[in-house]
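The values are calculated or read from the model by the stated rules, or taken from the named source; none is laboratory data. Source: prediction; values computed, not measured. Ideal geometry is used to build each Cβ from the backbone, glycine not excepted, and the neighbour counts take in all protein chains shown.
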Amino acid sequence: MQIMKLLKSLNILNITSKLFLKTKYWFKIVILLPFLLQCTTNEKSSEPYILSNDKSNEYRECISINNNWLFYKYKSAEEADNLIYDVRPESENYQDSKPADSKPTEAINIESERNILKPWIMPSGNAFIKDSIKHYIRPEGNPGNDFPFVQYNYDDRLWKNVNLPHDWAIKGPFMEGWDTEVGGGMGRLPSLGIAWYRKKIEIPETDTGKCIFLDIDGAMSYAMVWLNGNLVGGWPYGYNSFRLDITPYIVPGGNNQIAIRLDNPNKSARWYPGGGIYRNVWLVKTNPVHVGHWGTKITTENVSETSATINMEITIDNDSKNNISVSAATKIYNLDENGKLAGADVSNIKTPEVSISAGKSVKTSVSVTVDNPKLWGPLPTQKPNLYLAITEIIKEGKIIDKYNTRFGIRSLNFDPNSGIFINGELIKIKGVNNHHDLGALGAAFNTCAARRQLKILQEMGCNAVRMAHNPPAPELLELTDKMGILVIDEVFDSWERKKTPHDFHLIFPDWHEQDLRSMIRRDRNYPSIIIWSYGNEVGEQYTDKEGAEIGKRLHNIIKEEDTTRPTTSAMNWAKSYMPFPAVMDIISFNYQGEGIRQDPIFNDVKDRIKTEPQYNIFHEKFPYKVILSSETASALSSRGIYYFPVTKKNSSPTRDSMGGNSEEGQVSSYELYAVDFGSSPDKVFASLEKHAFSAGEFVWTGFDYLGEPTPYYQNRSSYNGIIDLAGFKKNRFYLYQAHWRPDLPMAHILPHWNWPDRIGDTTPVHVFTSGDEVELFLNGKSLGRKKKAKFEYRLRWDDVIYQPGELKAIAYKNGKKWAKDIVKTTGEPAGLKTIADRDIIRADGNNLSFITVKIIDNKGLFIENSDNVIKFSVEGPGEIIATDNGNPGDFTEFPSHKRKAFSGMALAIVKSIEGNPGKIIITAESPGLKEAKVIIKSK
Ligand code: GAL
């Protein structure tokens, strides 16, 4: 049985099944196993494991119900049904291009006579409201039960068949122009609207007596769920995962009808939220007595290399009609690099019997000390070792539930004079912020796409991610755990005061406790999470004691759930003398460390939006608190685009003729330009080095994201990323790599050297290197050898007169040759070059390969200033699901197989087809150019 499971999980049953049929004895397969294992692990990039895969066992089932949903979206709000969660205020005169650091405003109160379903939805969050007196009681009645879409017999054959995770908006079309319904701020995509998902689920007779739950990892937004015509409940906040108990409405012995209504308001975010059931959905079946939802909490203390104490708290639910007594036994195992059990259990712990009354829950706790623990720590200096706790619930000697908890053992200490210590080692945060979208794939979560992002970040030397500004898909935290990346898990972008007319402020009063507690209960066992953030730049920074009180309430909720991690809330305005920062454990600055609008261009600006550098001021006021920068830089650039003249300063705001071009809607890639309240990376590096007590930085952002195209709101995606929306590295990548990976020999020259119109013109050349000195040559002639001065992070030759030919940079470190880079003037476009990030993928209908196409000349040199149109086609069992090029102003719909290259590059994302292995051939063609092909094996 175990072997069967292992083989199945490795997806090698297909290969072995023929052999098996002919083989009488299992041992032959066992002999073959090492060979087969090698075949599967020899892939160019091996597969990340996902926790969800091992949630099922003999005592509980966790079934993915992602496939074959029927989907219908109303064309307009006028056409939609009236089953609303609540009324919303009108949103007139809202400008989505207002600066991100604008002051949030007061909420608008509205009253309505309409029938609203909120009273039936509120009880879904009861488990996360501490004070049981405040629990919501479901009113009488069953709203919506007569509505056709919730009926079993409703004829939905004309609805669209979709698989989850599904983002209904990502295929577009983009809304171009001014005065569009959705503007640049939310990505110009049709995320707004009301839609339904329906699916019949087969529940066998044998499930009678079981508890059955619907687990939704994320639905955007205001989810309301009916089962067999009964309103079960829902969850408004689109970023949180939630569980609904559907047991009372299930009819075993046949099909049961699920109907889910989502209502995604416009003007609900400052970025692209996506729309739909955009994460995984599960059906969980347990015995009536079982480990509760997110029912284990594991913390570690007294951690050293020789020993560690593991504390475990288990919540056991008794959903049966009888009072019972049970005990829990937990075995703890090391996990190997592939997430598999590594040998026998390292510890075996039992809790004494507990009695649980019918319908109640009980928490039981136990501690154990393990010797020589394998610690979890961030790469590259530590290893992300993980453990698995397998808990069995035992009643009268019989196992009735089995529950897996993955966790890590690590110590976490904070020193206000140096930063964050993990397992005794000071780890300076070299982090980035990321929004949840995955570029051309939108909000629909995909493990391969998320893993590709994290790998690129690690290559840059990044060791931490802040989940801006909401809880991510659980699988992303599986990845950060596995890949050794630190995390700030953040819950809200707004509290009571609003940033956009329909953002979270509408439901903050009703839902903040449930959303905050549910984030922590879901995520508390991930060792990669080191800080909980209860807000980002909230309007309550401005409301003195009143705002600080709300902060205190949120801080206290976190402490009730988890005492092992500090709290924070990112501040772009609150100052050291205000009550707001006093509440949080860790001081998080957005941009305030470097100072805001300090450039002379803002000399005449007199209002609150200027701030002098704050590191020392806060450090003096709060000498006992760690200070970090939760957002830095907010630098802007478009990959491969350069504008002249180039500022001589090391950081500049962006304007026309100062790095920006409002007509073209692009920002120069000299990487010196930022939003008005931001700074170049160089300026941030210097400020961090001058304030060595700072714990480090989270750059805004790692990747470009959909929406918030500051400063050019006519476009659809951001300019902030170090890496563009397609996942292509901007020059900035190398600036961070040079600083964050000082031991990696590298040098990077900019700009490209194809400037036929600039012959004889001044064309600055900058070099990013992990060395300390560079000699630059143009056509073999030295332009001088320069050394980085203190607080300098690039070497610049600002007076180079352009002549076609070759630029060569020789970098030195401590006087010795260290690295080199060469950039040449290219010929005309002659061909295409394709590179796949993975050339072996799984035939599971979810696995992806990202195909990069570059335009090259007849010598094979990459032509950065080319923009030929590329046509992609596919043969074999794969699908091209999206293309992109990283241009924030490209309105070609993402599913298009034709894409104009941007700065010489384009991307095609290829997906396998479930159960259909074989060779996938992708061809990239462009008129007049030599085509290129790439072959991917789908296994
Ligand atoms: C910050 C904000 C981010 C993003 C960024 C853009 O103020 O926290 O969410 O808007 O600015 O520069």
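Here's the yes/no breakdown for (1) among the hydroxyl-bearing types (Ser, Thr, Tyr); (2) closer than 22 Å to residue 699 by Cβ:
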| position | (1), (2) |
| --- | --- |
| 533 | yes, yes |
| 543 | yes, no |
| 556 | no, no |
| 582 | no, no |
| 606 | no, no |
| 617 | no, no |
| 624 | yes, no |
| 631 | no, yes |
| 646 | no, yes |
(request) Sort through 84, 137 and tell me the only one that's crowded, with 18+ Cβ neighbours inside 10 Å and under 30 Å from residue 283 (Cα atoms). (result) 84
(message) I'm checking my understanding of the structure. Among residues of segment 675-691 that are part of a loop (DSSP other than H, G, I, E, B) and closer than 17 Å to residue 431 by Cβ, which one is nearest to the ligand (Cβ to nearest atom)?
(response) 678
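I'm checking my understanding of the structure. Among residues of segment 618-644 that are of a type in the set (A, V, I, L, M, F, W, C) and not in a strand (DSSP E or B), which one is nearest to the ligand (Cβ to nearest atom)? Before you say what the answer is, go through the steps one by one.
Here is the first cut: in segment 618-644, the residues of a type in the set (A, V, I, L, M, F, W, C) are 618, 622, 626-628, 633, 635-636, 641, 644.
Keeping just the survivors that are not in a strand (DSSP E or B) gives 618, 622, 626, 636, 641, 644.
Working: 618: 18, 622: 21, 626: 20, 636: 9, 641: 19, 644: 25 Å.
Only one residue fits best here, namely 636.
Given the condition in contact with a Lys or Arg (Cβ under 9 Å, 6 or more places away or on another chain), at pLDDT 95 or above and among the small types (Gly, Ala, Ser), answer yes or no: does some residue in segment 384-393 qualify?
Step one: filter segment 384-393 for residues in contact with a Lys or Arg (Cβ under 9 Å, 6 or more places away or on another chain), giving 384-393.
Cutting the leftovers down to at pLDDT 95 or above gives us 384-393.
Subsequent filtering for residues that are among the small types (Gly, Ala, Ser) retains 389.
Taking every residue of segment 384-393 in turn, at least one turns out to be in contact with a Lys or Arg (Cβ under 9 Å, 6 or more places away or on another chain), at pLDDT 95 or above and among the small types (Gly, Ala, Ser).
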(message) I'd like to check something: does segment 244-251 contain any residue that is surrounded by 21 or more Cβ atoms within 10 Å (Cβ to Cβ) and among the acidic types (Asp, Glu)?
(response) no
(message) Being out of contact with any Gly (no Cβ under 8 Å at 6 or more places or on another chain), modelled with pLDDT under 95, within 16 Å of the ligand (Cβ to nearest atom) and of a type in the set (A, V, I, L, M): is that true of residue 100 here?
(response) yes
(message) Exactly one condition in (1) surrounded by fewer than 23 Cβ atoms within 10 Å (Cβ to Cβ); (2) free of Cβ contacts under 8 Å to residues at least 60 places away in the same chain; (3) within 16 Å of the ligand (Cβ to nearest atom) is false for residue 572; which is it?
(response) (2)
(request) Collect the residues in segment 653-665 that are buried (at least 23 other Cβ atoms within 10 Å of the Cβ) and within 16 Å of residue 798 (Cα to Cα), keeping them in residue-number order. (result) 659
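Kindly establish whether residue 852 is free of Cβ contacts under 8 Å to residues at least 24 places away in the same chain, within 28 Å of residue 712 (Cα to Cα) and not acidic (Asp, Glu). Full working, then the answer.
Values: free of Cβ contacts under 8 Å to residues at least 24 places away in the same chain: no; within 28 Å of residue 712 (Cα to Cα): yes; not acidic (Asp, Glu): yes.
In short, no.
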(request) Take segment 504-556 and flag every residue that is within 16 Å of the ligand (Cβ to nearest atom) and either aromatic (Phe, Trp, Tyr) or modelled with pLDDT under 95 (or both). (result) 504, 534, 542
(message) Can you pull out every residue in segment 864-882 that is crowded, with 22+ Cβ neighbours inside 10 Å and in a loop (DSSP other than H, G, I, E, B)?
(response) 864, 866
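Would you mind finding the one in 609, 641, 596 that is aliphatic (A, V, I, L, M), modelled with pLDDT under 95 and under 20 Å from residue 652 (Cα atoms)?
Going through 609, 641, 596 in turn, the sole match is 609.
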(request) Specify the residue that is farthest from residue 791 (Cα to Cα); the eligible residues are those in segment 726-776 that are part of a strand (DSSP E or B) and of a type in the set (Asp, Glu). (result) 775
(message) Among (1) closer than 22 Å to residue 907 by Cβ; (2) in contact with a strand residue (DSSP E or B) (Cβ under 7 Å, 6 or more places away or on another chain); (3) surrounded by 21 or more Cβ atoms within 10 Å (Cβ to Cβ); (4) not aromatic (Phe, Trp, Tyr), there is one condition residue 484 misses while meeting the rest; what is its number?
(response) (1)
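Within segment 906-924, how many residues are surrounded by 19 or more Cβ atoms within 10 Å (Cβ to Cβ) and under 17 Å from residue 872 (Cβ atoms)? Before the answer, list the steps.
Going through segment 906-924, the residues surrounded by 19 or more Cβ atoms within 10 Å (Cβ to Cβ) turn out to be 906-912, 917, 920, 922, 924.
The next check asks that each one be under 17 Å from residue 872 (Cβ atoms); those that pass are 906-912, 920, 922, 924.
Result for segment 906-924: 10.
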(request) Kindly list the number of the only condition in (1) more than 16 Å from the ligand (Cβ to nearest atom); (2) farther than 17 Å from residue 491 by Cβ; (3) out of contact with any Gly (no Cβ under 8 Å at 6 or more places or on another chain) that fails for residue 615. (result) (3)
(request) Return only the number of the condition from (1) surrounded by fewer than 24 Cβ atoms within 10 Å (Cβ to Cβ); (2) in contact with a Gly (Cβ under 8 Å, 6 or more places away or on another chain) that residue 780 does not satisfy. (result) (2)
(message) Take the residues in segment 54-77 that are surrounded by fewer than 16 Cβ atoms within 10 Å (Cβ to Cβ) and touching a helix residue (DSSP H, G or I) at 6+ places or on another chain (Cβ under 8 Å); name whichever of them is modelled with the lowest pLDDT.
(response) 64
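In segment 692-703, which residues are within 16 Å of the ligand (Cβ to nearest atom) and hydrophobic (A, V, I, L, M, F, W, C)? Steps first, please.
Filtering segment 692-703 down to residues within 16 Å of the ligand (Cβ to nearest atom) leaves 697-703.
Across segment 692-703, the qualifying residues are 698, 699, 700, 703.
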(request) Scan segment 704-741 residue by residue and report those that are within 13 Å of the ligand (Cβ to nearest atom), among the polar types (S, T, N, Q) and more than 19 Å from the chain's Cα centre (by Cα). (result) 710
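Quick check, is residue 669 away from the ligand (no atom under 14 Å from the Cβ), closer than 30 Å to residue 625 by Cα, assigned to a loop (DSSP other than H, G, I, E, B) and modelled with pLDDT of 95 or more?
Working: away from the ligand (no atom under 14 Å from the Cβ): yes; closer than 30 Å to residue 625 by Cα: no; assigned to a loop (DSSP other than H, G, I, E, B): yes; modelled with pLDDT of 95 or more: yes.
Criteria not met by residue 669.
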(request) Please work out which residue is nearest to the ligand (Cβ to nearest atom), limiting yourself to segment 656-666 and to residues that are part of a strand (DSSP E or B), free of Cβ contacts under 8 Å to residues at least 40 places away in the same chain and of a type outside the set (Gly, Ala, Ser). (result) 658
(request) Please identify the pairs in which a residue from segment 415-438 that is surrounded by fewer than 22 Cβ atoms within 10 Å (Cβ to Cβ) has its Cβ atom under 7 Å from the Cβ atom of a residue that is among the charged types (D, E, K, R) and part of a strand (DSSP E or B), counting only partners at least 6 apart or on another chain. (result) 421/415
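Go through segment 593-612 and count every residue that is touching a strand residue (DSSP E or B) at 6+ places or on another chain (Cβ under 9 Å) and either more than 27 Å from residue 564 (Cα to Cα) or more than 14 Å from the ligand (Cβ to nearest atom) (or both). Steps first, please.
Step one: list which residues in segment 593-612 are touching a strand residue (DSSP E or B) at 6+ places or on another chain (Cβ under 9 Å), which gives 593-599, 601-602, 609-612.
From what's left, either more than 27 Å from residue 564 (Cα to Cα) or more than 14 Å from the ligand (Cβ to nearest atom) (or both): 594-599, 601-602, 609-612.
Residues in segment 593-612 being touching a strand residue (DSSP E or B) at 6+ places or on another chain (Cβ under 9 Å) and either more than 27 Å from residue 564 (Cα to Cα) or more than 14 Å from the ligand (Cβ to nearest atom) (or both): 12 in total.
For every residue, the table says whether it meets (1) without any contact (Cβ under 8 Å) to a residue 40 or more places away in the chain; (2) more than 16 Å from the ligand (Cβ to nearest atom); (3) in contact with a helix residue (DSSP H, G or I) (Cβ under 9 Å, 6 or more places away or on another chain).
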| site | (1), (2), (3) |
| --- | --- |
| 448 | no, yes, no |
| 457 | no, yes, no |
| 461 | no, yes, yes |
| 469 | no, no, no |
| 475 | no, yes, yes |
| 484 | no, yes, yes |
| 487 | no, yes, yes |
